[in-house]
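Report on the structure given below.
The values are calculated or read from the model by the stated rules, or taken from the named source; none is laboratory data. Predicted model, so just to flag it, every value in this text is computed and none were measured. Ideal geometry is used to build each Cβ from the backbone, glycine not excepted, and the neighbour counts take in all protein chains shown.
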Amino acid sequence: MSSKHHVVQVNIARAKAPLDSEMLASFMAELEPVNALADSAPGFVWRLQTEEGDATSLRPFPDDQMIVNMSVWESIEALWEFVYSAGHLTVMRRRREWFNRMEDHQTLWWIPAGHEPTVDEAKERLELLASSGPTAEAFTFKQRFPAPGAAEPDDTSQLAGCPAD
């Protein structure tokens with residue numbers, strides 16, 4: 001990890017129904033507890049949120065059913081530990097109940113420590129990953145890149161698969 005850089009994760013999802021529907025009620029009920037887990041997780045830096053405490057009211061895409069989640073972490077390892085921790089993993093395993101399967105729904109990238117990424121930056125990185133595949137500017141857990149100026153990671157095997165699948 002480079003303390004001069006933090007990693008951003010963005011993921012998008014298309015809900016199977018409106019967020020205020022019965023179908024999404026259990027997902028919406030999980031948001032606050034999962035966000036509280038993230039906020040207190042080791043290595044957590046920042047997350048996209050409105051005054052309501054989450055980002056579900058943001059509509060950065062033409063499709064009204066699309067939602068965005070974005071957060072900043074001190075390292076890929078800290079992000080990985082949170083994403084695949086019991087509290088978050090339990091909810092993530094249920095994602096297909098609430099959301100349609102999508103290609104190119106998540107990307108990671110490095111930012112200078114202290115920079116707050118924008119939704120427009122996130123959209124650009126998602127598009128870059130979709131058009132060019134994993135690069136140092138937009139990558140995935142499976143095919144990650146070190147922070148600028150950092151050495152290549154020795155072993156990425158623990159980050160290769162997704163235990164939620």
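Scan region 107-126 for residues that are aliphatic (A, V, I, L, M), in contact with a Pro (Cβ under 8 Å, 6 or more places away or on another chain) and either exposed (fewer than 14 other Cβ atoms within 10 Å of the Cβ) or farther than 15 Å from Asn11 by Cβ (or both) and report the count. So the count comes out to 1. For region 55-87, the candidate set comprises residues that are in a loop (DSSP other than H, G, I, E, B) and more than 19 Å from Ser21 (Cβ to Cβ); within that set, the residue that is modelled with the lowest pLDDT is Ser85. With respect to the conditions (1) exposed (fewer than 14 other Cβ atoms within 10 Å of the Cβ); (2) touching an Asp or Glu at 6+ places or on another chain (Cβ under 9 Å), Pro33 falls short on a single one, namely (2). Scanning region 28-54 for residues that are part of a helix (DSSP H, G or I) and either on the phi > 0 side of the Ramachandran plot or touching a strand residue (DSSP E or B) at 6+ places or on another chain (Cβ under 8 Å) (or both) yields Asn35, Ala38, Asp39.
Condition (residue is out of contact with any helix residue (DSSP H, G or I) (no Cβ under 7 Å at 6 or more places or on another chain), part of a strand (DSSP E or B) and surrounded by 18 or more Cβ atoms within 10 Å (Cβ to Cβ)) applied to region 97-105: is it met by at least one residue? Steps first, please.
At the first step, the residues of region 97-105 found to be out of contact with any helix residue (DSSP H, G or I) (no Cβ under 7 Å at 6 or more places or on another chain) are 97, 99-103, 105.
Within this subset, residues satisfying the condition of being part of a strand (DSSP E or B) are 99-100.
If we keep only those that are surrounded by 18 or more Cβ atoms within 10 Å (Cβ to Cβ) as well, we get 99.
Among the residues of region 97-105, at least one is out of contact with any helix residue (DSSP H, G or I) (no Cβ under 7 Å at 6 or more places or on another chain), part of a strand (DSSP E or B) and surrounded by 18 or more Cβ atoms within 10 Å (Cβ to Cβ), which makes the answer yes.
Counting only residues that are over 22 Å from Ser26 (Cβ atoms) and either in contact (Cβ under 8 Å) with a residue 60 or more places away in the chain or surrounded by 16 or more Cβ atoms within 10 Å (Cβ to Cβ) (or both), how many does region 72-89 have? Steps first, answer last, please.
Pass one, region 72-89, residues over 22 Å from Ser26 (Cβ atoms): 72-81.
With either in contact (Cβ under 8 Å) with a residue 60 or more places away in the chain or surrounded by 16 or more Cβ atoms within 10 Å (Cβ to Cβ) (or both) added as a condition, the list becomes 72-80.
Of the residues in region 72-89, 9 are over 22 Å from Ser26 (Cβ atoms) and either in contact (Cβ under 8 Å) with a residue 60 or more places away in the chain or surrounded by 16 or more Cβ atoms within 10 Å (Cβ to Cβ) (or both).
Residue pairs whose Cβ atoms lie under 7 Å apart, sitting 6 or more positions apart in sequence or on different chains, and linking a residue in region 142-158 that is over 14 Å from Ile111 (Cβ atoms) to a partner that is modelled with pLDDT under 95 and polar (S, T, N, Q), are Arg144/Thr156.
Of all residues in region 127-142, exactly one satisfies the criterion of being among the hydrophobic types (A, V, I, L, M, F, W, C), assigned to a loop (DSSP other than H, G, I, E, B) and either at positive phi or crowded, with 17+ Cβ neighbours inside 10 Å (or both), namely Phe141. Scan region 53-70 for residues that are without any contact (Cβ under 8 Å) to a residue 24 or more places away in the chain, buried (at least 17 other Cβ atoms within 10 Å of the Cβ) and more than 17 Å from Asp120 (Cβ to Cβ) and the total you get is 1.
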